[in-house]
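Engineer: Sending over a structure as C-alpha cells; questions will come in a sec.
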Amino acid sequence: MNWDWQFTFEVVVPRLLAVVPVTIQATVLSFLLALVLGLALMLLRISPLRVISIPAGEIIEFIRGTPLLVQLFFLFFLLPEIGIVLPPLTTGIVGLGIYNAALCAEVYRAGILNVPAGQWEAAKALNLSACRTYRDIIIPQSLPPIVPALGNYFIGIFKETPLLSFLAVAELMHASKLIGSEYYRFTEAVTVAGVFFLVMSLAAAALVRFAEGRIRGRILH
Amino acid sequence: MNFDWSILAAHLDLLALGALNTFLILLLALFFGVVIGALVCAGNLQTRRLLRLPSRIYTHIFRTVPEMALIFWIYLSLPLILGTSFSAFASGILALSLVAGAFLGEIFRAGIVAMPAGQVDAANALGLGFVARWVKVILPQALRTVLPAIVNFITELLKMTSLLAAITVGELAYQAYILGSQTFKYNEFFTSVAIAYFVLIFPVSLLARRLERRGGAA
C-alpha cells in the first residue's frame with residue numbers, strides 16, 4: 001500500500017475541513033433540540049396523571065429501544081409521504097434530537113427523583129408555588145448529577161453524526177466517502193476522516209469537562 | 001397511507017434472514033468483545049504505568065472514534081493496507097468487536113476496581129493461588145457488580161449492529177432499506193423492522209433494570 005501525502009494535504013484535508021462546520025452545526029443543534037424536547041418528555045413522564053405518564057414512558061422506551069439508523073430512515077422516507085418535505089440536514093437534526101431527547105428525559109428524571117422527598121414536603125409546607133418549587137428548590141439540587149451525563153450525550157451526538165451520511169447530508173463521513181470514490185483512494189480519505197473525528201471528540205470532551213467545572217462551581221457557591 | 005400486510009408476508013424470508021444475521025453479528029461481536037475486553041482490562045490493571053499504556057490508548061481510541069467511521073475504515077482502508085480483502089460481514093464483526101472490547105474492558109475494570117481491597121488481602125492471607133484467587137474470589141464478585149452494565153451494553157451493541165447496513169451487511173436494517181427501495185413500501189418495512197428491534201431490545205433492557213434493582217437491594 002502507498003500513502004500519498006501530497007494527495008492527503010492538497011485534496012483530502014481541505015475538502016474535509018470545508019464540511020467540519022456541517023458536523024458541528026448538526027451536533028450543536030441536535031443537542032439543543034434534545035435538551036428542550038427531553039425536558040418536555042420528562043415533564044410528561046412524571047405527570048401525576050397516569051393517562052399521560054404511562055404513554056410518555058412507553059414512547060421514551062420505544063425510542064431508546066430502536067436503532068437511531070432505523071429512526072433516521074423512518075423520518076427520511078416517511079415524512080415526505082405525509083407531506084412534510086425537509087432538507088436532509090434538518091431531517092437528520094430532528095432525528096438525532098428526538099433520539100437523544102428520550103435519553104435526556106431519563107437523565108432529567110433520575111436527577112429530579114434524586115432530590116430527597118423532604119425537599120418537596122418542605123416546599124409544600126412553605127406554601128411555595130409549583131414554579132418556585134421547581135426553580136429555586138428542585139432544579140438547582142438536581143443539576144449536579146445531570147450535567148456530566150448531559151455532557152456525555154453531547155459527545156455521543158457528535159459520534160452519531162456520521163449516520164447522517166445515510167441521508168446524503170454533506171458531513172465528514174459523507175465527504176470522505178465521496179473523495180474516496182472520486183479518486184479511488186479510500187485509505188487517505190477515510191483515515192483522515194477518522195483522525196478528524198478523534199481530534200474533535202477529544203476537543204469536545206475537554207470542552208465538556210471545562211463546562212462541567214464551571215457549572216458545578218456556580219451551583220455550589 | 002395504508003399499511004400493506006401482504007408485502008411483508010411476501011418478503012418474510014429476507015426479513016427473517018436479516019433478523020438471523022443481526023443475531024449472529026451480535027453473538028460474534030459479543031464473544032470477541034469479551035475476549036478483547038478481558039485482555040484490555042488485564043492490561044489496565046497492571047501496576048506499572050508503561051504496561052498500562054497500550055490498554056489506555058486502545059480504550060481511548062475505540063471509545064472516541066465514531067463506530068461508523070471505524071466500520072468504513074476497516075471495510076475500505078484496511079484491505080488496501082494489508083493487501084488482502086475481507087467480506088463485508090467479517091469487516092463488520094471486526095469493527096464491532098474492537099468497539100465492544102473497549103467498552104467491555106472498561107466495564108470489567110470498573111467491577112474489579114470497585115471490589116473491597118480486603119477481599120484480595122483475605123484471599124492472599126488464606127494462601128489461595130493465582131487461579132483460585134481469580135476464579136473463586138475476584139471474578140464472581142466483580143461480575144455480579146457489573147452484570148447490569150454488561151446487559152445494558154448488549155442493548156447498545158444490538159443497536160450498533162444496524163450500522164453495518166452501511167457496508168452492505170445483510171442484517172435487519174439493511175434488508176428493510178433494500179426491500180423498501182425495491183418496492184417503495186418504506187412505511188411497511190421500516191415500521192416492522194423498528195418493532196422487531198424493539199421486541200429484541202426491550203426484554204434485555206428490562207432484565208438490566210431488574211438486575212440493577214436486585215444489586216441495589218443486596
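The values are calculated or read from the model by the stated rules, or taken from the named source; none is laboratory data. Everything numeric in this text was worked out from a predicted model, so none of it was measured. Neighbour counts run over all protein chains shown; Cβ positions are idealised from the backbone, glycine included. Heads up: the accessible areas ignore ligands, DNA and RNA and are worked out on the full protein's heavy atoms, side chains in. Shrake-Rupley method; radii C 1.70, N 1.55, O 1.52, S 1.80 Å.
Engineer: Suppose R0 equals 41 Å. What FRET efficiency, 1/(1 + (r/R0)^6) with r the Cβ-Cβ distance, do A:GLU212 and A:CYS131 give to the nearest 0.05?
Structural biologist: 0.90
Engineer: On to the next question. I'd like the interface area for chains B and A: accessible area of each alone minus the complex, both sides summed, 1.4 Å probe, protein heavy atoms only. What is it in Å² to the nearest 100?
Structural biologist: 3200
Engineer: Determine the principal axes of the Cα atoms in the protein assembly as shown, then give the extent along each, sorted from largest to smallest and rounded to whole angstroms.
Structural biologist: 66, 63, 47
Engineer: Still on this model: Go ahead and estimate [θ] at 222 nm for chain A from helices alone: -39,500 (n - 2.57) per DSSP H run with n ≥ 4, summed, over the residue count, rounded to 500.
Structural biologist: Value at 222 nm, helices only: -25500 deg cm²/dmol.
Engineer: Do any residues of the range B:50-74 lose at least 10 Å² of accessible area when the full set of protein chains is present rather than just their chain alone, and if so which, with a 1.4 Å probe?
Structural biologist: B:HIS60, B:ILE61, B:ARG63, B:THR64, B:VAL65, B:PRO66, B:GLU67, B:MET68, B:ALA69, B:PHE72, B:TRP73
Engineer: Further, regarding this structure: Could you work out how far helix A:88-113 tilts from the main Cα principal axis of chain A, as a 0 to 90 degree angle to the nearest 10?
Structural biologist: The two axes meet at around 30 degrees.
Engineer: For A:LEU17 and A:ASN152, what does the FRET efficiency come to when R0 = 22 Å and r is the distance between their Cβ atoms, rounded to the nearest 0.05?
Structural biologist: Computed FRET efficiency for A:LEU17 and A:ASN152: 0.25.
Engineer: Right, something else. Lys/Arg Cβ at +1, Asp/Glu Cβ at -1, dipole of the protein assembly as shown taken about the Cα centre: which of B:GLY118, A:LEU17, A:THR191 is farthest positive-ward?
Structural biologist: Among B:GLY118, A:LEU17, A:THR191, the one farthest towards the positive end of the dipole of the protein assembly as shown is B:GLY118.
Engineer: Which of A:GLY97, A:GLY83, A:GLY57 ends up with the largest GNM mean-square fluctuation for chain A, with Cα atoms connected below 10 Å?
Structural biologist: A:GLY83
Engineer: List the DSSP H helices in chain B whose Cα atoms stretch 20 Å or more along the helix axis and whose mean Kyte-Doolittle hydropathy is at least 1.6.
Structural biologist: Span-like helices in chain B: B:12-44, B:88-114.
Engineer: Add -39500 (n - 2.57) for each DSSP H run of 4 or more in chain B, then divide by its residues: what number comes out at 222 nm, to the nearest 500 deg cm²/dmol?
Structural biologist: Value at 222 nm, helices only, nearest 500: -26000 deg cm²/dmol.
Engineer: State, to one decimal in nm, how far the label point of A:GLU182 lies from the label point of A:ALA117, with both points 7 Å from Cα in the Cβ direction.
Structural biologist: Using points 7 Å along Cα→Cβ, the separation is 6.4 nm.
Engineer: Please list A:LEU150, B:LEU51, B:LEU200 in order of solvent-accessible area, largest first, computed with a 1.4 Å probe with all protein chains present.
Structural biologist: B:LEU51, B:LEU200, A:LEU150
Engineer: Below 8 Å between Cα atoms, with a sequence gap of 6+, how large is the relative contact order for the range A:17-219 in percent?
Structural biologist: 27
Engineer: Something else: May I ask for log10 I(q)/I(0) of the range B:1-138 at q = 0.10, 0.14 Å⁻¹, from a Debye sum over the Cα atoms as equal point scatterers with solvent left out?
Structural biologist: -0.52, -0.81
Engineer: Round to a whole angstrom and tell me the spacing of the C-alpha centers of the range A:1-77 and the range B:144-218.
Structural biologist: Using only Cα atoms, the two centres lie 17 Å from each other.
Engineer: Set the Förster radius R0 to 30 Å, insert the Cβ-Cβ distance between B:GLN119 and B:PHE31 as r into 1/(1 + (r/R0)^6), and round the FRET efficiency to 0.05.
Structural biologist: With a Förster radius of 30 Å, E is 0.60.
Engineer: Would you tell me the accessible area of B:VAL135, worked out with a 1.4 angstrom probe on the heavy atoms of the protein chains, in Å² to the nearest 10?
Structural biologist: 90
Engineer: Sticking with this structure for a sec: For the range A:1-156, report the accessible area per residue in Å² (1.4 Å probe, heavy atoms, rounded to an integer).
Structural biologist: Each residue of the range A:1-156 exposes 51 Å² on average to a 1.4 Å probe.
Engineer: Report the charge-dipole magnitude of the range B:7-217 in Debye, nearest 20, computed about the Cα centre from +1 at each Lys and Arg Cβ and -1 at each Asp and Glu Cβ.
Structural biologist: Dipole of the range B:7-217, to the nearest 20 debye: 860 debye.
Engineer: From the gyration tensor of the Cα coordinates in the range A:34-110, what semi-axes in whole Å does the equivalent ellipsoid have, largest first, with each one equal to sqrt(5λ)?
Structural biologist: Each semi-axis is √(5λ); the values are 24, 13, 11 Å.
Engineer: I've got another one for you. Which residue, A:VAL107, A:VAL11, A:VAL94, has the most motion in a Gaussian network model of chain A that connects Cα atoms within less than 10 Å?
Structural biologist: The residue with the greatest mean-square fluctuation here is A:VAL11.
Engineer: Setting aside same-chain residues fewer than 8 positions from B:LYS136, which lysines have a Cα under 23 Å from its Cα?
Structural biologist: Filter leaves no residues.
Engineer: Remind me, relative contact order of the range B:7-217 in percent, using alpha carbon pairs under 8 angstrom and six or more residues apart?
Structural biologist: For the range B:7-217, the relative contact order is 28 percent.
Engineer: Where a Cα-Cα gap under 20 Å defines reach, which aspartates and glutamates qualify for A:LYS124, not counting those fewer than 8 residues away within the same chain?
Structural biologist: Qualifying aspartates and glutamates at Cα under 20 Å: A:ASP136.
Engineer: On to the next question. In terms of solvent-accessible area of protein heavy atoms at a 1.4 angstrom probe, what is the ranking of B:ARG133, A:ARG15, highest value first?
Structural biologist: The ordering from most to least exposed comes out as A:ARG15, B:ARG133.
Engineer: Among B:ILE138, B:ILE25, B:ILE36, determine the one that fluctuates most according to a GNM of chain B built with springs between C-alpha atoms less than 10 Å apart.
Structural biologist: B:ILE138
Engineer: Could you give the dipole magnitude of the range A:17-219 about its Cα centre, charging the beta-carbon of Lys and Arg +1 and that of Asp and Glu -1, in debye to the nearest 20?
Structural biologist: Dipole of the range A:17-219, to the nearest 20 debye: 620 debye.
Engineer: Quick check for you: with a 1.4 Å probe and neighbouring chains kept, what is the accessible area per residue of the range B:7-217, in Å²?
Structural biologist: 49
Engineer: Still on this structure: Compute accessible area for the range A:191-221 by itself and then with all protein chains, 1.4 Å probe, and report residues whose area falls by 50 Å² or more.
Structural biologist: In the range A:191-221, residues shielded by partner chains: A:LEU198.
Engineer: For the range B:27-62, list residues with backbone N below 17 Å from a point placed 7 Å from the Cα of A:LEU198 toward its Cβ?
Structural biologist: So the set is B:53-62.
Engineer: How much of the accessible area of the range A:17-219, probe 1.4 Å, is carbon plus sulfur, in whole percent?
Structural biologist: 70
Engineer: Next up: Show which lysines lie in cross-link reach of B:LYS159 when reach means a straight Cα distance below 25 angstrom and same-chain residues fewer than eight apart are skipped.
Structural biologist: A:LYS159, A:LYS177, B:LYS185
Engineer: Which angle from 0 to 90°, rounded to the nearest 10, does the C-alpha axis of helix A:186-220 make with the longest principal axis of chain A?
Structural biologist: Around 20 degrees separate the two axes.
Engineer: On to the next question. Return the tail of the calculated pair distribution for the range B:156-218, meaning the percent of Cα-Cα pairs more than 20 Å apart.
Structural biologist: Summing the P(r) tail past 20 Å for the range B:156-218 gives 40 percent.
Engineer: Keeping every protein chain in place, order A:PHE166, A:PHE186, B:PHE23 by accessible area at 1.4 Å, biggest value first, i.e. largest first.
Structural biologist: B:PHE23, A:PHE166, A:PHE186
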